[in-house]
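Have a look at the structure below, then the notes.
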Amino acid sequence: QELAALVDSNTAFALDMYQQVRDEKDGNIFFSPHSISTAVAMTYAGAAGATAEEMAEALHFDQACSELHAVFNALDLKLASLGKAQKGDGFKFVIANALWGQQGFDFLQPFLQVLGRNYGAGMHSVDFRGNPEAARQEIAGGIEDRTEDKIKNMPPPGTIDEQTRLVLANAMYFLASWAEPFNEDQTKPQPFHLLDDTEADVPMMHETESFGYADGNDYQAVELPYDGHDFSMVV
């Protein structure tokens, strides 16, 4: 029940987050709500008073703090167990949490213990005060390594300075084959309708197969499963 409640909380936050970011930029948006929920939950482990209350409200955390992090741990273990039934080559799903802290800074041990026990986040000692750019590059290198070189230069230059004391990072990497692969020979240019009512010819993939489908007010949705059927893409 607690695991299901956390999934509902994370989903509610994801929808709230999308409403915030969708009007801030033109074009396509790609973001990972689970990464944000996890990273902020790690921060929440060190919050108290009004700050903790406001964070819990924004993130829809209903569980008591003492239980929440154990449930996040259970969720990550559940996610890590998925994909075992996939048959294709190259499947990979990684969730990595890490901390980078100022060397010599007196972090509270209960805070570090919660993150180590429930998020698998070990503390890396760096010198933000003496060489913030070297520390930033070390963090960026760690993230790049865990995401198969897909996420580069994160955090970007200028975001780490001499006042930084702690950086919490969550990285996710996912690679899988379709359960029903598309035949490349059936891909052909077709009109794609843009938001400004114009059209552009783009390569469209085609296949005839049975998929989960929904038809509601102003939308149609289809669920495309990945190999093993533990994961799917909803369009």
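Could you give me the residue pairs with C-beta distances under 9 Å whose first residue belongs to segment 79-105 and is under 17 Å from A121 (Cα atoms) and open to solvent by 60 Å² or more (accessible area, probe 1.4 Å), whose second residue is modelled with pLDDT of 85 or more and among the hydroxyl-bearing types (S, T, Y) wherever it lies, and which are 6+ apart or on separate chains?
Q103/S125
What are the residues in segment 109-119 that are in contact (Cβ under 8 Å) with a residue 24 or more places away in the chain and either farther than 23 Å from I36 by Cα or open to solvent by less than 80 Å² (accessible area, probe 1.4 Å) (or both), if any?
F111, V114, L115, N118, Y119
Which fully enclosed helices (runs of 4 or more DSSP H) of segment 1-85 have 3 or more residues being more than 16 Å from the chain's Cα centre (by Cα)?
2-21, 49-59, 65-80
Could you please tell me which pairs satisfy a Cβ distance under 8 Å, a separation of 6+ or placement on different chains, a first residue in segment 14-28 that is in contact (Cβ under 8 Å) with a residue 40 or more places away in the chain, and a second residue that is assigned to a helix (DSSP H, G or I) and surrounded by 10 or more Cβ atoms within 10 Å (Cβ to Cβ)?
From residues that are in contact (Cβ under 8 Å) with a residue 40 or more places away in the chain, the pairs are D16/A58.
Within the group G228, G212, G216, which residue is farther than 25 Å from F91 by Cα and open to solvent by less than 80 Å² (accessible area, probe 1.4 Å)?
It is G216.
Looking at L224, is it outside any loop (DSSP other than H, G, I, E, B), at negative phi and of a type in the set (A, V, I, L, M, F, W, C)?
yes
Looking only at residues in segment 132-147 that are modelled with pLDDT under 90 and open to solvent by 70 Å² or more (accessible area, probe 1.4 Å), which one is nearest to F174 (Cα to Cα)?
R146
Out of the residues in segment 10-35 that are β-branched (V, I, T) and open to solvent by 50 Å² or more (accessible area, probe 1.4 Å), which is modelled with the lowest pLDDT?
I29
Identify, from the list F128, F111, F105, the residue that is of a type outside the set (D, E, K, R) and either closer than 30 Å to L224 by Cβ or not in a loop (DSSP other than H, G, I, E, B) (or both).
So the residue among F128, F111, F105 that is of a type outside the set (D, E, K, R) and either closer than 30 Å to L224 by Cβ or not in a loop (DSSP other than H, G, I, E, B) (or both) is F111.
Condition check: under 16 Å from N118 (Cα atoms), touching a Cys at 6+ places or on another chain (Cβ under 8 Å) and surrounded by 14 or more Cβ atoms within 10 Å (Cβ to Cβ). Does A45 satisfy that?
yes
The values are calculated or read from the model by the stated rules, or taken from the named source; none is laboratory data. As the structure is a prediction and not an experimental result, all values here were calculated from the model. Quick reminder, even Gly has a Cβ in these numbers, built from the backbone with ideal geometry, and neighbours come from all protein chains shown. Protein only, heavy atoms only, side chains kept; ligands, DNA and RNA dropped before computing areas. Shrake-Rupley method; radii C 1.70, N 1.55, O 1.52, S 1.80 Å.
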